[in-house]
Amino acid sequence: MAVSKRNDVPRRSSRSFGAIVRANVLTLFNLVIAVLWLLIMIFGEWQDGLFGLVIVANSLIGIVQELRAKRTLDRLAVVNEASVRVRRDGVEQEIAPRDVVLGDLILVGSGDRMLVDGEVVASEGLEVDESLLNGEADPVHKEPGDTVLSGSFVVAGSGAFTATKVGEDAYAARLTAAASKFALARSELRDGVARFIKYITWLVVPIGALLIYSQVGRHADFGTAITGAVAGIVTMIPEGLVLMTSIAFAVGVVRLGRRKCLVQELPAIEGLARVDVLCLDKTGTLTAGGMDLGEVLPLREGEPVEDALAALANADPRPNPTAQAIRARYPSAPPGWTAGRRVPFSSARKWSGADFDHHGAWMLGAPDVLIDPGSPAYAEASALASTGARVLALCRAPGLDGQAGEPVALVTLLQRLRPDARETLAYFAKQGVTVKVISGDNPRAVSAIATSLGIPGGDKAVDSRTLPEDDPDKIAEILDANTVFGRVTPHQKRMFVGALQSRGHVVAMTGDGVNDVLALKDADLGIAMGAGSPATKAVAQVVLLENRFATLPYLVGEGRRVLANIERVSNLFLTKTFYAITLSLLTGVIGLAFPFAPRHSTLVNALTIGVPAFFLALAPTLQRAEPGFVPRVLRFAVPAGVACAAAVLLSFWAAHIPDSTLEQDRTSAVITLFLVTWWVLVLVVRPVTAWRIGLVAAMAGLFVLALALPLVQVFFAFDPGDLYDNLIAVGIAAVGAAVISLAVKLAGHRGHADLSRR
C-alpha cells in the first residue's frame, strides 16, 4: 500500500546538526589559523602552536551552545504547534501539522492558518486573508471548488478543504524556500560583525605578506622568522568575536526558553533591545484570555432576547471568545431556532448575524456600528462602555446586508484584567519605552481599561474611524500625541505600525487575534500570545507560550543584555586586531623582529580578552541598544589599538640593547602588551562592581604567576631577569594607558558614558 506524502517542512527556528557544525568549523578564519598552525608545527616550536587549541575550543563551545539552543527551540516549537483538525474515515480528529498527508480533509475556522494548499469542499461564510501572499488586504470569500493556499488564514466563517499539495510542494513553502531554512533576518549586530570580518580579511592578506617578507629577510633563522610572522597574523584575526556573538544569541534563546518564550528568529533578541514603542492590543494582552457574560439589558418589552442570544451563539461551529462567553450561560440553541443564512463575525465588519426563518434575522455586534448614533440606546451603550465593560448590541435586522437594525438589547461582557499588567506597564515607562494601546473595541471601553492601569494619556482615547486614511504623516503625528486608540481595524493596525516606523521608531507589536496578524508581520518585532490564533503565532518572531504579559520585561532585558555585552567584547577583540595590524605594518616597514611570539599572544589574549569576554558576554544590563554599533566600536578600538601597538613597539625597542637576547626583549614587550590591553579591559568592564573587580584582578594575578613560576617561564619563553628593562616596560605601559584613555575620549567614543549606565 502506497504511503501518502506527509507535510514535512523544516522549522524556521532551527537548523540541522550538520549545518551547525559546518557554520562553526568551516570558516575562513579557521582555515587561515589551520595553515598558520601547520607552519609553526613544521618550522617552529610546538609551544607556539597553542593558538590552534584555542580555535578547537572555540569551535566546540560554539557547537555545544548552538545545539543547546537548537534543542530548546525545537522543544518549544513542538509545544507551539497548533494541532490540525482533520476528518478521516468520517471521524474528526486532531493531528500534528507534520502528520497531514495528501487527500486529508482539513477543517478550518476563524484564526486558523492554512498549512497546505487545497480545494474547498465546504464553506460556512468562509473568508480567507491572502495578504501575506499577494499583498491584497481584502478578505476573499471561498466557495466549494475554490483553491486555498498555504500561508493564508481564515478571518471569518468556517469550512473544509482537501489537501492537494503538502510539504515543500505547498505554495508558501515554495514562495519562502530560503526563509523556511534557518535564515537570519537582518541584524545590525551581525551585519556589523560581518563587516568587521570582511575588512580585516582584506587587510590580513597584504599585511601578512609584508610581515612574512620582512621577517624572513631580517632573520638568518627561518624558523624564528616564520614564528614572528605567524604571531602577527594570528593576533590580527578576531577569532573569538563571531563565537561570542553566537554564544550570546544562543544563551539568550536558552534563557528565554526557560521562561517559555519561543524565539522563532534569533535577531528578534536584538530587536528586543532596540524597541522604543510597544503597541498593545487590549484583548488578550492587557486583559486575560476569555470573557464572562455580564448583564443582558432588554431595550424593548416582549422580545425573545435570550432565545436570540442563545441561537446566535450556538450557530457558529467555531465560536469566538464572545460566543463562548454567551454559550457558557446559554449552552444550546432553543427549539425552533435553526440558522439558515449566516454571516460570521469579522474584525472588519464588527458584527455577526444569522437568519432564523420565521424568527427573522438577528445581528450581534458593536453598538456604534449597528445603532443610530442619535438614539437613546446608543447613549446607554456609550455610558456602559465608559465603565470598561465590552458592550454589544442585539438587533432585529431587515436582512444580513449590513444595514443598521432595530436594537432589542444591550449585552455586557466582563473582561479580566491581567494582574501583572500594571507592574509591567510601569516597567516600560521607567525604561523609556512608549506604550500605545490599539484595540478594535469602543474607545470609551479601551480608555477605561487604560486609565485603570495607570497608562499616561489613557483618559483621552482616539476613535480611529475619524482618522484620515490617505495621510500617513498626519496619522504619525496623531500617534505621537496620543496613547489610546479604539475602533481600530486590522488595516489601520498595520498602518499605525508603518507610521511609527516612518518616524524612526523601532516598533514591537503584541497580539493574539487574527486581526493582529498583518501588524505583527510588519512590526520590527512581533510578539504573540501562546493562546492566540495559529495565524498570529505563525507570523510572530516571539511567542509567549504561557500567555504571561509580565514576561515582556524579561524579553526586553535579555535583548539589551545581548547587544550591550556584544558591544563590550567587540571593543576588546577589535582593539587586539588593530594593535596587531599596526604592529605588523610598523615592523614590516622598519624591519624589526616581531615583538612577541605566538605563545605570548595566546597568553595575553586569553587573560585580557578570551576569559573576560565569556563573563562579559553574559553579564546583566538595562541599557537600551542604539543604532551605530560599527562606528561606536571603531571609535574605541582604532585609537586604543594604535596606542597599544606604539607602547609595545617602544618597549621592545628600548629593551633592544647589544647584550640583550631576543627572549629578554620580547619579555619586556609582553609585559607592556599585557598592561596596556589589561587597561583596555578595565575601561570596558566599567561600571565597577565586585565581580568585575574580581575578574580584572584575577587576570592580573595570573599574569604575575606566569612571569614568576619557573616552569611557566620556560614554557612561555619568558626571561624577566633584567629588572631595569622590566621597569621601563611598566613605565611605558603606564604612559600608554594614559594615552589610550585620552585617545578614546578625543575620538568621541560615547561608550564610556553608555557603559557607566549599564
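How many percent of Cα pairs in segment 465-563 exceed 19 Å? Don't skip to the end; give the middle numbers.
Details: 2199 of 4851 pairs.
Cα-Cα pairs in segment 465-563 separated by more than 19 Å: 45 percent.
Kindly sort Leu702, Leu133 by accessible area of their heavy atoms, largest first, with the probe set to 1.4 Å.
Greatest to least solvent exposure: Leu702, Leu133.
Report the gain in length on full extension from Ser660 to Ala429: 0.36 nm times residue separation, minus Cα-Cα distance, nm rounded to one decimal.
Between Ser660 and Ala429, full extension yields an extra 76.7 nm.
According to the Cα gyration tensor, what semi-axes, each the square root of 5 times an eigenvalue, does the equivalent ellipsoid of segment 518-659 have, listed from largest to smallest in whole Å? Walk me through the intermediate numbers first.
Numbers: eigenvalues 457, 44, 26 Å².
Largest first, segment 518-659 gives 48, 15, 11 Å.
Debye calculation, C-alpha points only, no solvent: report log10 I(q)/I(0) for segment 655-712 at q = 0.18 Å⁻¹, in the same order as the q values.
Values, matching the q order: -0.72.
Among His491, Ala481, Ser110, which residue has its Cα furthest toward the positive end of the charge dipole of the chain, with +1 on Lys/Arg Cβ and -1 on Asp/Glu Cβ?
Looking along the dipole axis, the top candidate is Ala481.
Which of the trypsin sites (Lys or Arg not before Pro) across segment 445-520 are loop residues per DSSP, with 15 or fewer other Cβ within 10 Å?
Those that pass, being in a loop and sparsely packed, are Lys460, Arg503.
May I ask you to derive the FRET efficiency for Ser332 and Asp292 from their Cβ-Cβ distance with R0 = 22 Å, giving the value to the nearest 0.05?
The computed FRET efficiency comes out at 0.70.
For log10 I(q)/I(0) by the Debye sum over Cα atoms at q = 0.06 Å⁻¹, which listed value, (i) -0.49; (ii) -0.74; (iii) -0.37, comes from the coordinates shown?
Entry (i).
If I model a spin label at Ala700 and Leu618 as a point 7 Å from the Cα along the Cα→Cβ vector, what separation in nanometres do I get?
Simple spin-label model gives 2.5 nm for this pair.
Relative contact order of segment 269-363: what whole-number percent is it, with Cα pairs under 8 angstrom and at least 6 residues apart?
Computed over segment 269-363, the figure is 19 percent.
For segment 307-355, report the translational diffusion coefficient in µm²/s to the nearest whole number, using Stokes-Einstein at 10 °C, 1.306 mPa s, and a Kirkwood Rh over Cα pairs. Before the final figure, lay out the partial values.
Details: Rh = 10.8 Å.
For these conditions, the coefficient is 146 µm²/s.
Grab the alpha carbons of segment 539-595, take their convex hull, and tell me the volume per residue in Å³.
105
Between Val91 and Gln501, what length in nm is gained on full extension when 0.36 nm per residue of separation is reduced by their alpha carbon distance?
Gain in length upon complete extension: 142.8 nm.
Under the rule of at least 5 residues apart or a separate chain, name every residue whose amide H is placed under 5 Å from the amide H of Val155.
Hits under the 5 Å cutoff: Gly111, Glu127, Val128, Asp129.
Find, among the GluC sites (Glu not before Pro) in segment 512-585, those assigned to loop by DSSP (not H, G, I, E, B) with at most 15 other beta-carbon atoms within 10 angstrom.
On the way: sites: Glu546, Glu558, Glu567; in loops: Glu546.
In loop regions of segment 512-585 (DSSP not H, G, I, E or B), the sparsely surrounded GluC sites (Glu not before Pro) are Glu546.
Give, as a single signed number, the net charge of other residues whose beta carbon lies under 12 Å from the beta carbon of Ala385, with Lys and Arg counted +1 and Asp and Glu -1.
Net charge around Ala385: -1.
Report the net charge of residues surrounding Ala729, where surrounding means a beta-carbon distance below 13 angstrom and charges are Lys +1, Arg +1, Asp -1, Glu -1. Write down the numbers at each step before the final one.
Numbers: positive: Arg666; negative: Asp665, Asp719, Asp722, Asp725.
Spelling it out: positives minus negatives among the neighbours equals -3.
The values are calculated or read from the model by the stated rules, or taken from the named source; none is laboratory data. Because the structure is a prediction, the values reported are computed rather than measured. In this analysis, Cβ positions are derived from the backbone assuming ideal geometry, glycine residues included, and neighbour counts consider all displayed protein chains. Areas reflect the complete protein model, heavy atoms only, side chains present, ligands, DNA and RNA absent. Shrake-Rupley method; radii C 1.70, N 1.55, O 1.52, S 1.80 Å.
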